[in-house]
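The values are calculated or read from the model by the stated rules, or taken from the named source; none is laboratory data. Predicted model only: the values in this text are computed from it and were never measured. Here the Cβ positions follow ideal geometry from the backbone for every residue, glycine too, while neighbour counts run over all protein chains shown.
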Protein chains: 2
Amino acid sequence: RPVREVLFFPSRVTCTEALLAEPGPGSCPCPCALPHGDSALGRLLRRLLAARRSLELCVFAFSSPQLARAVHLLHRRGVRVRVVTDADYMAVNGSQIGRLRLAGIQVRHDQESGYMHHKFAIVDQKVLITGSLNWTTQAIQSNRENVLIVEDAEYVKPFLAEFERIWEEYNPA
Amino acid sequence: RPVREVLFFPSRVTCTEALLAEPGPGSCPCPCALPHGDSALGRLLRRLLAARRSLELCVFAFSSPQLARAVHLLHRRGVRVRVVTDADYMAVNGSQIGRLRLAGIQVRHDQESGYMHHKFAIVDQKVLITGSLNWTTQAIQSNRENVLIVEDAEYVKPFLAEFERIWEEYNPA
Ligand SMILES: [Zn+2]
Ligand SMILES: [Zn+2]
């Protein structure tokens, strides 16, 4: 049965270590004081971390440390990660884009006067994750936001085509 | 066959008079200099103007004159229109919210510190229109944006519930 899910934010603040920690010899239950149950952010992370082959990410604002850890983790696992973002937000304090680049992840940004205002991701060319949510802690914890998760080629295909169009257009070469 | 459509912006600038003009005895082809063909904004207007019974609108920023004319038109046709918006953006120059209220349309806004950052509409409790697009001319004409149109109860129902939750929560009474 194809994935069809809706997430609403603000998300309950929960510990996401169990999702994001690299498995090590000594992993044991997290002792931190945060609740360890389900949350909208936890569900979003889980959908992203399901990627096995590719992640296309096209997001206006990206400052969330947890979402950045998820993207780094995928990159280290060998998933092909490509990121498109907005030049203006990229320059603000707290943006994760510089760190993604330092880790060797491919990033391209706009050179336009308008905003690159999309907020979508595509997992394994099969699942579209899209909505109003920028990838910032403010949006996750304080704003009313929505994210749709859609496994349906009729929606995924045009978003993939939009990603490839933008990816080529923002090619600095 | 249920509606499933994706719109990408920026939209080509086209004349939308044919969609928005009230039919009168002397209506004839629009003589203006703009192109009169199809556009993303034209398609969005058409989906909204299809409403016969109800329009729930939950949008962070609303300044587009064409989209405001569409909402006014629906209200005058007797469609039950309810609008939820963000208090901060409502106060900016160019917001259409004041004019909607003057026309007798019900509007509620947040009192919270976070943003009411949704950008969705629900037509006749049946078709969900949602994405990254704020209802501003800047977003329509200059930004990279997406809008999904989804006629599927699995997505429409949770968005309706979210609307009703917010509508009650923002009740000033
Ligand atoms: Zn913990
Ligand atoms: Zn015209």
Checklist entry - What residue, of A:L41, A:L48, A:L73, A:L55, is touching a strand residue (DSSP E or B) at 6+ places or on another chain (Cβ under 7 Å), away from chain B (no Cβ under 14 Å) and assigned to a helix (DSSP H, G or I)? => result A:L48
Checklist entry - Quick one: is B:P65 within 16 Å of ligand 2 (Cβ to nearest atom), surrounded by fewer than 15 Cβ atoms within 10 Å (Cβ to Cβ) and under 14 Å from the mean Cα position of the chain (by Cα)? => result yes
Checklist entry - For the range A:128-140, which residues satisfy the criterion of being among the hydroxyl-bearing types (S, T, Y) and either crowded, with 23+ Cβ neighbours inside 10 Å or in a loop (DSSP other than H, G, I, E, B) (or both)? => result A:T130, A:S132, A:T136
Item to check | Selection count, the range A:76-127, where residues are buried (at least 19 other Cβ atoms within 10 Å of the Cβ), charged (D, E, K, R), touching a residue at least 60 places away in the same chain (Cβ under 8 Å) and part of a loop (DSSP other than H, G, I, E, B) | outcome: 1
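The rows are residues; the columns are (1) hydroxyl-bearing (S, T, Y); (2) over 17 Å from A:T136 (Cα atoms).
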{"position": "A:F8", "(1), (2)": "no, no"}
{"position": "A:S39", "(1), (2)": "yes, no"}
{"position": "A:F60", "(1), (2)": "no, no"}
{"position": "A:L73", "(1), (2)": "no, yes"}
{"position": "A:R80", "(1), (2)": "no, yes"}
{"position": "A:G98", "(1), (2)": "no, no"}
Checklist entry - Say we look at the range B:141-154 and pick out the residues that are within 10 Å of chain A (Cβ to nearest Cβ) and in a helix (DSSP H, G or I); which of these is surrounded by the most Cβ atoms within 10 Å (Cβ to Cβ)? => result B:S142
Checklist entry - Could you say which residue among B:Y115, B:Y170 is in contact with a strand residue (DSSP E or B) (Cβ under 9 Å, 6 or more places away or on another chain), among the aromatic types (F, W, Y) and within 7 Å of another protein chain (Cβ to nearest Cβ)? => result B:Y115
Checklist outcome for this item: A:L100 meets each of (1) at pLDDT below 90; (2) within 24 Å of A:F159 (Cα to Cα) with one exception, condition (1)
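For (1) among the aromatic types (F, W, Y); (2) within 11 Å of ligand 1 (Cβ to nearest atom); (3) surrounded by 17 or more Cβ atoms within 10 Å (Cβ to Cβ), each residue gets a yes or a no:
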residue: A:P2; (1), (2), (3): no, no, no
residue: A:T16; (1), (2), (3): no, yes, yes
residue: A:P31; (1), (2), (3): no, yes, no
residue: A:H36; (1), (2), (3): no, yes, no
residue: A:L41; (1), (2), (3): no, no, yes
residue: A:L49; (1), (2), (3): no, no, yes
residue: A:S54; (1), (2), (3): no, no, no
Checklist outcome for this item: Of the candidates B:S95, B:S132, the one satisfying the condition of being in contact with a His (Cβ under 7 Å, 6 or more places away or on another chain) and of a type in the set (S, T, N, Q) is B:S132
Checklist entry - Checking B:H109 against (1) within 14 Å of another protein chain (Cβ to nearest Cβ); (2) within 16 Å of ligand 2 (Cβ to nearest atom), which single condition isn't satisfied? => result (2)
Item to check | Residue check for A:R4: within 14 Å of chain B (Cβ to nearest Cβ) and more than 16 Å from ligand 2 (Cβ to nearest atom) | outcome: yes
Next on the checklist: Exactly one of these conditions fails for B:I166: (1) within 25 Å of A:M116 (Cα to Cα); (2) touching a residue at least 60 places away in the same chain (Cβ under 8 Å). Give me its number.
Outcome noted: (1)
